[in-house]
Amino acid sequence: MRKLSLIIFLITGIGLWGETLPEWLIPLREAVYGQQLGVNEIRPLYEAAKAAAQAHCTGTALDTALSRCEYLMGRTLHFYERKQEAVVHYHEGMRLAEKALATAPSSEGWLLRAENLSQACSIGPWSYTVANGLNVEKFAKNALAINSRSAAAQYLVAARWVFAPAPFNNIRRGIEMMQAILVNSDLEKDDYFNVYSAIGYGYLQQKKHADARPWLIKSLEIYPTNKFAAELLNTR
């Protein structure tokens, strides 16, 4: 009953953020960021989103929508440490984004190429990450060349400086870039969460727990059940 109530909430709670994401894709995204449903509960939402994409979209729009579905399903499997299964979805997401870009280059196509690659690089192996990691920023900047206000693309560029291990990071620079996103871009619900939690994470890396706390609280106001943000908030 709890799972059913959660799914109903995901469906009826859409539209509160002025979303540009298709309404049939939002329940999948909400479940992924909510981190309450298991893989077997999220998979039907993934299948439903793919079916809706095929019903509503054609051509490059279909390829980019399906790429987004693959990315989100990959994130779910990744969260549950089913990394090899996640990689399959990320690579399919890249293939679909490349297909769309070959037909009609777009900011969304480049963004999805970058997002799927970013997650694949975080899994590795190291040789794959070294060979492909710099392309994440390259592809994100290609997206920004078409749509300079893409919050998700700006986030990918800034994330390198926040999340990369030392000595490859620059936390201060990354935090400043994340804060600039809140002023200079068009944000959706998940963009706000990503930026807020990244700023909080950055301050934690600097051992500035008091500075991190309000940002992490803001991220949990968006997705109260997100375990990643909750764990960061409880960091001592």
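Couple of notes before you dig in:
- When I199 is tested against (1) of a type in the set (V, I, T); (2) under 21 Å from Q36 (Cβ atoms); (3) under 17 Å from the mean Cα position of the chain (by Cα), just one condition goes unmet, and that condition is (2).
- Qualifying residue in the range 99-109 (condition: of a type outside the set (S, T, Y), under 18 Å from the mean Cα position of the chain (by Cα) and under 30 Å from A145 (Cβ atoms)): yes
- Single unsatisfied condition, Q54 versus (1) at pLDDT 95 or above; (2) within 28 Å of I123 (Cα to Cα); (3) not β-branched (V, I, T): (2)
- Number of the condition not met by I11 [criteria: (1) closer than 23 Å to D191 by Cβ; (2) at pLDDT 95 or above]: (2)
- Filtering the range 163-216 to residues that are small (G, A, S) and buried (at least 16 other Cβ atoms within 10 Å of the Cβ) leaves G174, S185, S197, A198, G200, G202, A212.
- Selection of helices (runs of 4 or more DSSP H) fully inside the range 127-211 by the criterion of at least 2 residues being in contact (Cβ under 8 Å) with a residue 40 or more places away in the chain returns 151-163, 189-205.
- The residues in the range 67-88 that are more than 17 Å from A31 (Cα to Cα) and free of Cβ contacts under 8 Å to residues at least 40 places away in the same chain can be counted, and the count is 4.
- Hey, V32 under 22 Å from A229 (Cβ atoms), exposed (fewer than 15 other Cβ atoms within 10 Å of the Cβ) and not assigned by TED's automatic domain parsing to the domain that holds R160 or not: no
The values are calculated or read from the model by the stated rules, or taken from the named source; none is laboratory data. None of the values given here were measured: they were computed from a predicted structure. Methodologically, a virtual Cβ is constructed for each residue, glycine included, from the backbone with ideal geometry; neighbour enumeration extends over all protein chains shown.
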